[in-house]
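Structure record follows, encoded as structure tokens.
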Amino acid sequence: MKPTAPTTRTLWRHARLATLAGPTGWGLVDDGALLVDGETIAWVGRSADLPAGLAVDAEHDLGGALVTPGLIDCHTHLVYGGQRAAEFEQRLQGASYADIARAGGGIRSTVAATRAASEAELFASAARRARVLMAEGVTTLEVKSGYGLSLEHEARCLHVARRLGAELPLTVSTTCLAAHALAPEFEGRPDDYIDAVCSWLPQLQAQGLVDAVDAFCETIGFSAAQTERVFAAAQRCGLPVKLHAEQLSDQGGAALAARYGALSCDHLEHLSQAGVQAMAASGTVAALLPGAFYFLRETRLPPLQALRDAGVPLAVASDHNPGSSPGLSLLLMLSMACTLFRLTPEEALRGVTVNAARALGLADRGRLAAGQRADVAAWDLEHPNELAYWFGHNPCRRVLAGGLERTP
Ligand code: NIG
Ligand code: FE
């Protein structure tokens with residue numbers, strides 16, 4: 001089991017802080033300092049303003065390094081067996097993602113490989129992937145199920161996700177995505193499958209395996225009516241919802257999710273103006289997934305300006321999965337969010353910190369401020385706009401996760 005932070009006070013000085021503490025702007029503090037007390041940030045500010053006579057147990061000089069909140073990847077499908085490189089080749093020959101799914105490949109092929117894998121194999125491969133994300137400063141990770149599609153296999157995948165959070169120095173938030181695809185046992189009976197999913201939720205929750213509930217609302221996934229039944233079951237359990245919405249077509253999923261107070265709606269390339277307004281009214285975060293957009297060679301952009309105009313918070317995530325986004329670099333997603341979706345570098349960084357935290361319902365992280373969890377990344381960079389600028393190299397130098405320094 002991983003250690004927890006001892007109740008010591010550690011001072012980190014000579015940092016260039018990008019606190020993101022206000023509603024806009026980088027919140028830059030030159031020659032800044034951070035006081036960490038146990039797992040929590042106790043004080044943030046200019047070194048010159050440090051309270052006099054401060055008693056600390058240890059002091060570290062960051063040598064002027066850029067310091068940001070630890071990164072948060074708020075949408076991943078990290079636990080699965082096998083890979084789908086052959087489908088990538090098929091798509092390069094002209095088959096579409098939806099064609100492959102309808103022919104029984106796609107998610108269903110990963111379900112077969114996931115069911116065939118042992119728990120030890122699932123844990124080892126997911127931990128390997130988590131460590132790649134962590135090397136770039138990720139301190140909180142959401143992990144979805146959705147490649148088990150039976151009570152037993154969904155529970156096993158969620159249990160593996162829980163173990164990642166217990167055994168690695170990061171926080172893992174788990175999402176039950178049993179309504180990801182139709183389980184093979186329910187061929188031709190999607191409504192019966194949705195009934196089954198609804199009956200599993202309280203059982204999975206009773207085992208402490210679920211922080212949120214998600215669904216894939218799409219022509220090749222589940223209808224809005226089926227999605228709503230899953231949301232109603234989540235609501236009866238008191239679990240928050242999120243949704244894979246409007247990725248390949250407009251199903252009205254975002255507006256439905258907003259009615260259930262969804263934490264986030266994710267993908268959103270085909271989001272309508274009505275969907276934008278509904279998300280704005282419910283305070284739902286738009287989680288943008290440029291890795292899937294890139295890898296599926298999509299051309300229709302999410303309605304970024306409409307989302308901004310309506311004041312919808314923007315998150316950015318890897319959507320790591322073997323079918324539509326096999327990348328394991330959240331920094332590359334910042335680059336893609338700017339280059340492909342035209343986010344500003346500041347929006348992109350907010351998308352993997354403060355707004356990603358919100359997409360997970362976590363208010364205790366994503367900013368450098370007193371009282372926040374001491375999840376912090378130090379970078380070999382001068383300015384935070386460089387996080388979205390460089391790609392293909394890793395400038396992460398040091399990471400604190402819950403106040404404890406770990407190897408990035
Ligand atoms: O977020 N869209 C549905 N789910 C995943 C893809 C899953 C897969 O292809 O295995 C996504 O893109
Ligand atoms: Fe996804």
Margin query: Using only the alpha-carbon atoms of the chain as identical scatterers, what base-10 log of I(q)/I(0) does the Debye formula give at q = 0.12 Å⁻¹?
Written below: -0.90
Check: Using the alpha-carbon atoms, what tilt in degrees (0 to 90, nearest 10) does helix 273-282 show relative to the longest principal axis of the chain?
Finding: 50
Notebook entry, point to check: What's the carbon and sulfur percent of the chain's accessible surface, probe 1.4 angstrom, rounded to a whole number?
Noted result: 53
Check: What is region 1-60 by shape, rounded, prolate or oblate, if you read a ≥ b ≥ c off the alpha carbon gyration tensor as root eigenvalues and call it rounded for a/c under 1.5, prolate for a/b larger than b/c, and oblate otherwise?
Finding: oblate
Check: For region 4-106, what is the charge dipole size about the Cα centre, in debye to the nearest 20, if Lys and Arg each add +1 at the Cβ and Asp and Glu each add -1 at the Cβ?
Finding: 300
Check: Expressed as an acute angle from 0 to 90° and rounded to the nearest 10, what is the orientation of the C-alpha long axis of helix 224-237 relative to the principal long axis of the chain?
Finding: 50
Notebook entry, point to check: Ordered by packing density, taken as the mean number of other Cβ atoms within 10 Å over each peptide's residues, highest first, how do 166-173, 388-395 rank?
Noted result: 166-173, 388-395
Margin query: Give me the dipole magnitude in Debye, nearest 20, for the chain about the Cα centre, with unit charges on the beta carbon: positive for Lys and Arg, negative for Asp and Glu.
Written below: 160
Next item on the list: Using a cut-off of 14 Å between beta-carbons, work out the net charge of the residues near residue 126 (Lys and Arg +1, Asp and Glu -1, residue 126 not included).
Entry: +2
Check: Under a point spin-label approximation (7 Å from Cα along Cα-to-Cβ), what is the residue 58-residue 2 distance to one decimal in nm?
Finding: 1.6
Note to self: So, for the chain, what is the accessible surface per residue at a probe of 1.4 Å, expressed in square angstrom?
What the structure shows: 37
Next item on the list: Pop a pseudo-label 7 angstrom from the Cα along the beta-carbon direction at both residue 192 and residue 309 and give the gap in nm to one decimal.
Entry: 4.8
Notebook entry, point to check: Using a Förster distance of 41 Å, how high is the FRET efficiency between residue 83 and residue 50, based on the Cβ-Cβ distance and rounded to 0.05?
Noted result: 0.25
Checklist line | Per-residue [θ]222 nm for the chain (sum of -39500 (n - 2.57) over DSSP H runs n ≥ 4, rounded to 500) | finding: -10500 deg cm²/dmol
Item checked: Overall Cα dimensions of region 207-324 - principal axes, largest extent first, Å -> 39, 33, 24
Check: If you line up the long axis of helix 151-167 against the longest principal axis of the chain, both from Cα atoms, how many degrees apart are they, to the nearest 10?
Finding: 10
Checklist line | Cα gyration tensor category, rounded, prolate or oblate, for region 277-360 with a/c compared to 1.5 | finding: prolate
Check: Normalised by the residues of the chain, what does the relative contact order come to in percent, with Cα pairs under 8 Å and at least six apart?
Finding: 19
Next item on the list: Of the options 29, 277, 52, report the single residue whose Cα projects farthest towards the positive end of the charge dipole of the chain (beta-carbon charges: Lys, Arg +1; Asp, Glu -1).
Entry: 52
Next item on the list: Arrange the peptides 224-231, 88-95 so that the one whose residues have, on average, the most other Cβ atoms within 10 Å appears first.
Entry: 224-231, 88-95
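The values are calculated or read from the model by the stated rules, or taken from the named source; none is laboratory data. All values reported here derive from a predicted model rather than from experimental measurement. Positions of Cβ are generated from backbone atoms using ideal geometry, with glycine treated the same way; all protein chains shown enter the neighbour counts. Note: areas computed on protein heavy atoms with side chains; ligands, DNA, RNA excluded. Shrake-Rupley method; radii C 1.70, N 1.55, O 1.52, S 1.80 Å.
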